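Scroll down for the structure; my scribbles are underneath it.
The values are calculated or read from the model by the stated rules, or taken from the named source; none is laboratory data. Remember, predicted model here, so these are calculated numbers, not experimental data. Cβ: placed from backbone, ideal geometry, glycine included. Neighbour counts: every protein chain shown.
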Amino acid sequence: MSTTDATTNAQRFSAGTIPECYAFDVADAATVSLVSDHISASVADGVGHVTLDRPQALNALSYEMIRALTAVFDAWRDDTEVGLVVIDGAGERGFCAGGDIRELYHYASNDDHAEARRFFRAEYRLDATIARYPKPVVAIMDGITMGGGIGLAGHASVRVVTERSRVAMPETRIGFTPDVGGSWLLANAPGELGVHLALNSRTMDAADALHAGFADSFVPSERLPHLLQALAERADPGTPAEIVMLFDETPGPSALALARDWVDACYSAPSVGEIIRRLRAFAEGRVTVPADGNPSGSFPLHPLDPAASAYAASAADELETLSPTALAVTLESVRRARTLPSLEAALEQEFRAVSWFIEQHDLREGIRAQVIDKDRQPRWNPPELGDLPPGLAARVLDEARYDPVSPA
């Protein structure tokens with residue numbers, strides 16, 4: 001970038017296009033960097049490179065980071081010096097572990113629900129911006145990529161995983177529900193895998209993420225610097241997706257894909273309670289006729305796989321420890337997302353859900369048990385699936401009590 005271009009960007013900064021939480025650092029004539037406390041961004045060789053820089057917290061997203069990222073993407077949208085964007089995370093442990101759960105707990109426990117809704121609106125708008133960005137966005141999902149990290153990376157043009165990737169939507173573990181467009185991705189996973197991933201908060205490796213549609217390419221972590229160099233050089237064949245494919249390798253078989261038959265049979269059930277019953281029956285080798293008479297709920301006819309049996313039993317055990325409210329709403333959310341026309345529609349549905357959850361006991365209790373006190377003994381209210389009010393999930397997803405994410 002020329003000195004004139006750097007001056008132009010500085011003028012944009014002083015004019016208020018980019019918030020004053022940034023400072024410009026002109027490292028050399030070719031690079032202008034924008035830096036906030038936990039976001040660094042630079043432009044060089046036509047590549048806008050933005051990094052989540054909070055490694056001590058696995059790059060968990062705070063409200064400040066969301067605002068900073070939004071400003072960066074807004075600034076680069078029409079910047080002729082930026083031809084493509086790369087987003088990654090600092091450190092080797094993770095791209096982004098999700099939203100800042102302690103910040104969310106503060107909002108929930110202090111009845112600061114309005115601020116929580118502002119947080120979610122800003123986050124979802126950023127996720128939609130990345131999904132519809134007019135320039136290619138390459139997301140490097142190296143290491144832990146969960147929750148809010150999926151919102152940033154899962155909707156990018158090119159999504160890269162490595163042998164260190166651990167990908168999940170783990171919200172049900174804290175009495176919450178998948179958001180940041182996660183319900184849209186889960187709804188579009190093969191068969192009933194998305195329902196399984198959502199309800200059980202299952203963590204995927206690279207092979208699983210590729211199979212489930214959460215990633216596009218597998219690149220060994222040791223080759224990432226070479227990939228970034230190639231993106232900067234833009235050698236033939238030219239497009240970012242094609243360049244990434246030059247480094248793409250096969251990660252090995254997906255355990256999730258191998259479980260598809262029994263997962264489809266069990267998780268196609270109409271309710272969480274029936275899903276648990278089918279998991280128990282499959283684990284015990286019992287032949288059952290699905291309560292809804294749906295042939296897709298029939299169990300596989302091949303001999304029982306001991307590993308599959310053990311996993312199904314474990315999945316059932318796990319579901320019985322999670323928030324009944326979160327499970328019921330999550331099942332309804334993913335099922336409904338299959339009928340929605342767009343990511344944006346899914347984000348609106350998720351916003352209605354999270355606006356309700358932020359006011360509920362189970363979210364506060366889940367964060368307390370898993371993150372604050374870490375006693376791993378949440379006391380859900382209600383404690384049993386059978387105690388849920390009829391039609392609760394539908395009401396939560398239908399009721400629009402607050403302004404939407406994107407006004408009509």
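So is residue 177 part of a loop (DSSP other than H, G, I, E, B) and surrounded by fewer than 20 Cβ atoms within 10 Å (Cβ to Cβ) or not? Talk me through it step by step, then tell me what you get.
Numbers: part of a loop (DSSP other than H, G, I, E, B): yes; surrounded by fewer than 20 Cβ atoms within 10 Å (Cβ to Cβ): no.
When the stated conditions are applied, residue 177 does not pass them.
Which number in (1) surrounded by fewer than 24 Cβ atoms within 10 Å (Cβ to Cβ); (2) more than 22 Å from residue 321 (Cα to Cα) marks the one condition that residue 141 misses?
Only one criterion in (1) surrounded by fewer than 24 Cβ atoms within 10 Å (Cβ to Cβ); (2) more than 22 Å from residue 321 (Cα to Cα) is unmet by residue 141, namely (1).
If I filter the stretch 214-236 for residues that are without any contact (Cβ under 8 Å) to a residue 60 or more places away in the chain and under 14 Å from the mean Cα position of the chain (by Cα), do I get at least one hit?
The first filter runs over the stretch 214-236 and keeps only residues without any contact (Cβ under 8 Å) to a residue 60 or more places away in the chain, leaving 216-220, 222-223, 225-226, 229-230, 235-236.
From what's left, under 14 Å from the mean Cα position of the chain (by Cα): none.
No, the stretch 214-236 has no match at all.
What are the residues in the stretch 369-408 that are in a loop (DSSP other than H, G, I, E, B), surrounded by 14 or more Cβ atoms within 10 Å (Cβ to Cβ) and either acidic (Asp, Glu) or touching a Phe, Trp or Tyr at 6+ places or on another chain (Cβ under 7 Å) (or both), if any?
404, 405
Anything in the stretch 242-260 that is among the charged types (D, E, K, R), more than 23 Å from the chain's Cα centre (by Cα) and modelled with pLDDT of 95 or more? List them, or say none. I'd like the intermediate steps shown before the answer.
Pass one, the stretch 242-260, residues among the charged types (D, E, K, R): 242, 248-249, 260.
Adding the requirement that they be more than 23 Å from the chain's Cα centre (by Cα) leaves 242, 249.
Passing the criteria: only 249.
Just for helices (runs of 4 or more DSSP H) wholly inside the stretch 276-358: which have at least 2 residues that are in contact with a helix residue (DSSP H, G or I) (Cβ under 8 Å, 6 or more places away or on another chain) and at pLDDT below 95? Before you say what the answer is, go through the steps one by one.
On the way: elements: 306-319, 324-337, 343-357.
In the stretch 276-358, 306-319 are the helices (runs of 4 or more DSSP H) which contain 2 or more residues that are in contact with a helix residue (DSSP H, G or I) (Cβ under 8 Å, 6 or more places away or on another chain) and at pLDDT below 95.
If you scan the stretch 240-266, which residues turn out to be farther than 30 Å from residue 82 by Cβ and of a type in the set (A, V, I, L, M, F, W, C)?
Taking the stretch 240-266 and keeping what is farther than 30 Å from residue 82 by Cβ, we get 250-266.
Of everything in the stretch 240-266, those that are farther than 30 Å from residue 82 by Cβ and of a type in the set (A, V, I, L, M, F, W, C) turn out to be 255, 256, 257, 258, 259, 262, 263, 265, 266.
Please tell me if residue 218 is of a type in the set (Phe, Trp, Tyr), under 13 Å from residue 140 (Cβ atoms) and surrounded by 19 or more Cβ atoms within 10 Å (Cβ to Cβ). Break it down stepwise before answering.
Details: of a type in the set (Phe, Trp, Tyr): yes; under 13 Å from residue 140 (Cβ atoms): yes; surrounded by 19 or more Cβ atoms within 10 Å (Cβ to Cβ): yes.
Against the criterion (of a type in the set (Phe, Trp, Tyr), under 13 Å from residue 140 (Cβ atoms) and surrounded by 19 or more Cβ atoms within 10 Å (Cβ to Cβ)), residue 218 qualifies.
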